[in-house]
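> Just passing along the structure, written as structure tokens.
Laboratory data are not the source of any read-out in this text; all were calculated from the coordinates shown. Keep in mind it's a predicted model, so treat the numbers as computed, not measured. Don't worry about glycine lacking a Cβ; one is built from the backbone with ideal geometry, like all the others, and counts go over all protein chains shown.
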Amino acid sequence: MSFTDWLKKNVTEARDALNTEITKFKSKDLLEAVIAGCAMVAYADGHVSSEEKQKMMGYLRTSDQLKVFDQNDVIKLFQKYVEKFEFDAAIGTGEVMQVINKFRGKPQAQLLVRVCCAIGASDGDFDKNERMIVRRMCSELGLNAADFNL
């Protein structure tokens, strides 16, 4: 390999690595909001189903903004929020609302709600408790719940 080829290859690799890190930095709040919201919806019936976990992980693997994150870190973050609900639902809800409120009035708010709706429906039953939680999220985010058929 010539020096020029070697240099091009290393510059390209360095640029790609930098772009990945920038994407992670810009998307960290969105990742946390999506995971926190998913945990709240998934825990609405008192337990988290494997379908709900799989749906969330599937979305994160396909999202251009969020697929850059390590899946082990994602699982740990999801578990952190589930544990908050297991300890005390009111505390868990308060912490999730604080995290998602960062997206009030931003275009990502709609994406966040749509992902949470998909999580709620992933086990084949988007029940009234899950719908109520997503409606509350809509209110917190300044969105009309009717826009999401809630």
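> Normalised by the number of residues in segment 44-131, what is the relative contact order in percent for Cα pairs under 8 Å and 6+ residues apart?
42 percent
> Let me ask another. Is there a quick way to get the dipole size of segment 28-148? I mean about its Cα centre, with the Cβ of Lys and Arg at +1 and of Asp and Glu at -1; what is the value in debye to the nearest 20?
Charge dipole, segment 28-148, about its Cα centre: 400 debye, nearest 20.
> Using amide H atoms built in the peptide plane, which far-off residues or other-chain residues are under 5 Å from VAL48 H to H?
none
> Of LEU143, TYR81, VAL34, whose Cα points farthest to the positive end of the dipole of segment 28-148 (charges on the beta-carbon: +1 Lys, Arg; -1 Asp, Glu; origin at the Cα centre)?
LEU143
> I've got another one for you. Beyond a 23 Å Cα-Cα separation, which of these cross-linked pairs lie in this structure: LYS28/LYS55; LYS53/LYS106; LYS67/LYS106; LYS76/LYS106; LYS84/LYS106; LYS67/LYS128?
With Cα atoms farther than 23 Å apart: LYS53/LYS106; LYS76/LYS106; LYS84/LYS106; LYS67/LYS128.
> Just add up the charged neighbours of VAL99: K/R +1, D/E -1, any other residue whose Cβ is under 9 Å from the Cβ of VAL99.
-2
> Between ASN101 and HIS47, 0.36 nm times their residue separation minus their Cα-Cα distance comes to what?
Difference between extended and current length: 17.0 nm.
> To continue, here is another question. As an exercise, identify the trypsin sites (Lys or Arg not before Pro) in segment 48-123 lying in DSSP coil whose Cβ has no more than 16 other Cβ atoms within 10 Å.
Taking segment 48-123 and a limit of 16 other Cβ atoms within 10 Å, the loop trypsin sites (Lys or Arg not before Pro) found are LYS67, ARG104.
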